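Report on the following structure.
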Amino acid sequence: MRHLFNHSLLVAGLTMVLSACTTVMPLSLPLSTMDQCAAPEGVSLRFNALTIALGERPHAGYGIDLVGQQQDDGDYQLIFRERYPDPDRKYAQVITSPCLQVILPAGWQHLTVTDQVSGREWTFTPQDALQSQTPLKKQAPVKVP
């Protein structure tokens, strides 16, 4: 596999703020992280746009970092992790919904997304791109009375 990007992002100094959206560079795939995300919590793929949404968090100290990216002839592997608040900082108490979105190029064949902390993996193919969503956490089935 051709190694494209595989180390922790130092977000300070690498970001450019655009109204409620932060774009992190340099990456080979277009990437955007947002404080607010309308997508439901989980990993989803829709029309070649991969979205990782954390769901509600109690303040802006939370986020998502893309920590690894590899590509080999249409096969992509992305590794992410949740960013936790710095315990030495104070944050305004405001509900946020951190989210990361990656736009896949035309012609991609296979995508593997891995949570660096839990090791959980999601796999997608172009057939999944119409609308596929998998929750971040496995939930127990709901029993109907």
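The values are calculated or read from the model by the stated rules, or taken from the named source; none is laboratory data. Every value quoted in this text rests on a predicted model; they were computed, and no experiment measured them. Positions of Cβ are generated from backbone atoms using ideal geometry, with glycine treated the same way; all protein chains shown enter the neighbour counts.
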Exercise for review: Hey, could you check the stretch 26-75 for residues that are within 15 Å of D128 (Cβ to Cβ) and among the charged types (D, E, K, R) and say which is modelled with the lowest pLDDT?
Suggested key: R46
**Study point:** Residue count for the stretch 42-62, restricted to those that are on the phi < 0 side of the Ramachandran plot, in contact (Cβ under 8 Å) with a residue 40 or more places away in the chain and either assigned to a loop (DSSP other than H, G, I, E, B) or of a type outside the set (S, T, Y) (or both)
**Key:** 10
Study note, to complete from the structure: Result of the Cβ filter at 7 Å on the stretch 17-41, keeping first residues that are on the phi > 0 side of the Ramachandran plot and partners that are modelled with pLDDT of 50 or more and not acidic (D, E), at least 6 apart or interchain, is A20/M34; A20/Q36
Study note, to complete from the structure: Within the stretch 49-72, residues being of a type in the set (K, R) and within 9 Å of the chain's Cα centre (by Cα) number 0
Exercise for review: Can you tell me which residue within the stretch 93-134, out of those that are among the β-branched types (V, I, T) and assigned to a loop (DSSP other than H, G, I, E, B), is farthest from G42 (Cα to Cα)?
Suggested key: T125
Practice item. Out of the residues in the stretch 114-145 that are more than 14 Å from E82 (Cβ to Cβ) and at pLDDT 85 or above, state the one that is surrounded by the fewest Cβ atoms within 10 Å (Cβ to Cβ). Key: Q127
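I need the full set of residues from the stretch 86-113 which are in contact with a His (Cβ under 7 Å, 6 or more places away or on another chain), under 20 Å from A53 (Cα atoms) and surrounded by fewer than 18 Cβ atoms within 10 Å (Cβ to Cβ), in order please.
Residues of the stretch 86-113 that are in contact with a His (Cβ under 7 Å, 6 or more places away or on another chain), as a first pass: 91-94, 96.
Retained after the next criterion (residues that are under 20 Å from A53 (Cα atoms)): 93-94, 96.
Of everything in the stretch 86-113, those that are in contact with a His (Cβ under 7 Å, 6 or more places away or on another chain), under 20 Å from A53 (Cα atoms) and surrounded by fewer than 18 Cβ atoms within 10 Å (Cβ to Cβ) turn out to be Q93, V94.
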**Study point:** Given (1) out of contact with any Gly (no Cβ under 6 Å at 6 or more places or on another chain); (2) part of a loop (DSSP other than H, G, I, E, B); (3) closer than 14 Å to L29 by Cα, index of the condition K90 fails
**Key:** (3)
